[in-house]
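First up is the structure itself, then whatever we jot down about it.
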Ligand code: AMP
């Protein structure tokens, strides 16, 4: 069983790393943003309620988000664990998560604020398979096409500069305070987000593999 949280500001690279970790450790990535965007596209009742939050970069109501997550983690593919990407984002969500389960590790990606706006504006996503690219730092092999499924790439509506700045402010006000909460609990590791995609991934793998080392040391 392995339960992870990937934490960090918008466009720190949470989704990219969560997808790679998902492959390596065989546990699903649960990205609240992806689930919400999908609900909006499918025009489900949740999607109708949440659309205006997504459009403006505000956080959706805790009760809706917590319900979404609790249903998702109850699905059979989560039996060996999961990677939470974009949840929790408020102290209320963190408390609800703690009532639900214990998390093994919080991987906190640390990135200079100045860099985040540029990264978000350069981000391209595949609407078919959710692969993430960046025109500068991680371009697709063929311009504008997904490497995995060849679908045309799109830009997220909320990756416009004004919305990005709002999302960063929301992060600072409501989400960043969770870092000290997790640090006090003792299961948070800082990850240097400037190390490139492979460098960030290696730091995460070392931290995760260190967990089983700890367990072995405890049992021997
Ligand atoms: P993301 O793809 O993680 O950047 O999320 C995109 C948007 O989805 C955010 O700007 C919020 O409007 C909404 N969202 C995602 N995760 C959460 C969450 N845990 N709580 C509230 N709103 C969220």
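Ranking of 126, 78 by neighbouring Cβ atoms within 10 Å, starting from the fewest: 78, 126.
Suppose R0 equals 22 Å; then what is the FRET efficiency for residue 79 and residue 157 from their Cβ-Cβ distance, rounded to the nearest 0.05? Between residue 79 and residue 157 the formula returns 0.05.
Take every pair of alpha-carbon atoms less than 8 Å apart whose residues are at least six positions apart; their mean separation over the length of the stretch 1-102 yields a relative contact order of 43 percent.
Short-range pairs are left out: with C-alpha atoms under 8 Å and at least six residues apart, the relative contact order of the stretch 81-213 is 31 percent. Arranged from fewest to most other beta-carbon atoms within 10 Å of their beta carbon, 95, 156, 119 become 95, 156, 119.
Compared with the direct C-alpha span, the chain from residue 64 to residue 141 gains 23.9 nm at full extension, assuming 0.36 nm per residue. A Förster radius of 22 Å combined with the Cβ-Cβ distance from residue 183 to residue 101 puts the calculated FRET efficiency at roughly 0.70. Between residue 38 and residue 172, the contour length at 0.36 nm per residue exceeds the alpha carbon distance by 45.7 nm.
Just to confirm my numbers, what's the Cα centroid distance between the stretch 104-157 and the stretch 13-42 in Å? The distance from the Cα centre of the stretch 104-157 to that of the stretch 13-42 comes to 12 Å.
Subtracting the Cα-Cα distance of residue 121 and residue 198 from their residue separation scaled by 0.36 nm leaves 25.6 nm. Applying 1/(1 + (r/R0)^6) with R0 = 35 Å to the Cβ-Cβ distance of residue 112 and residue 212 gives a FRET efficiency near 0.65.
Of all DSSP-defined beta bridges confined to the chain, some 25% are antiparallel rather than parallel. For the stretch 131-220, the square roots of the Cα gyration tensor eigenvalues, ordered a ≥ b ≥ c, give a/c of at least 1.5 with a/b no greater than b/c, which places it in the oblate category.
Given the DSSP H assignment, sum -39500 (n - 2.57) over each helix run of at least 4 residues in the chain and divide by its residue total; what's the result at 222 nm in deg cm²/dmol, nearest 500?
-15500 deg cm²/dmol
Once you order the gyration tensor axes a ≥ b ≥ c over the Cα atoms, which shape class does the stretch 153-206 get: rounded for a/c under 1.5, otherwise prolate or oblate by comparing a/b with b/c? Oblate shape, in that a/c is at least 1.5 and b/c is the bigger or equal ratio.
Only the coordinates and a few stated rules stand behind these numbers; no lab work does. All values reported here derive from a predicted model rather than from experimental measurement. Glycine gets a Cβ as well: all are built from the backbone with ideal geometry, and neighbour counts include every protein chain shown.
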